[in-house]
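The values are calculated or read from the model by the stated rules, or taken from the named source; none is laboratory data. Note that the coordinates shown come from a computational prediction; the quantities given were computed from them, not determined experimentally. Glycine gets a Cβ as well: all are built from the backbone with ideal geometry, and neighbour counts include every protein chain shown.
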């Protein structure tokens, strides 16, 4: 029996396959516990959250680089003053 995926891309791919299967076979699965529409909404929400997290990570890296450069300038000025 296949194992449930652990990697995010594999989870999303499986969700999309489930959506496709439920949509293509609605007569076979007339009362699925979770509808294909609900799964699609969840996949879209995950993808939006992933995009936001990626943007936040990039912003944090940029802010950290700016902070480090500013600190380096402060240290340089302080050392010049103390000499």
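Filter the stretch 1-13 for residues that are exposed (fewer than 11 other Cβ atoms within 10 Å of the Cβ) and assigned to a helix (DSSP H, G or I) and give the result. Write out each step before concluding.
Of the residues in the stretch 1-13, the ones exposed (fewer than 11 other Cβ atoms within 10 Å of the Cβ) are 1-4, 6-9.
Across the stretch 1-13, the qualifying residues are 8, 9.
Out of 16, 47, report the one residue that is surrounded by fewer than 12 Cβ atoms within 10 Å (Cβ to Cβ) and touching a residue at least 12 places away in the same chain (Cβ under 8 Å). Give the derivation first.
Details: 16 fails: surrounded by fewer than 12 Cβ atoms within 10 Å (Cβ to Cβ).
Of 16, 47, the one residue that is surrounded by fewer than 12 Cβ atoms within 10 Å (Cβ to Cβ) and touching a residue at least 12 places away in the same chain (Cβ under 8 Å) is 47.
Of the listed requirements (1) free of Cβ contacts under 8 Å to residues at least 40 places away in the same chain; (2) closer than 30 Å to residue 7 by Cβ, residue 74 misses just one: (2).
Residues that are part of a loop (DSSP other than H, G, I, E, B) and more than 20 Å from residue 8 (Cβ to Cβ) within the stretch 20-38 comprise 25, 26, 27, 28, 29, 30, 31, 32, 33, 35, listed in sequence order.
Between 81, 57, 41, the distinction of being assigned to a helix (DSSP H, G or I), at pLDDT 95 or above and exposed (fewer than 10 other Cβ atoms within 10 Å of the Cβ) belongs to 81 only.
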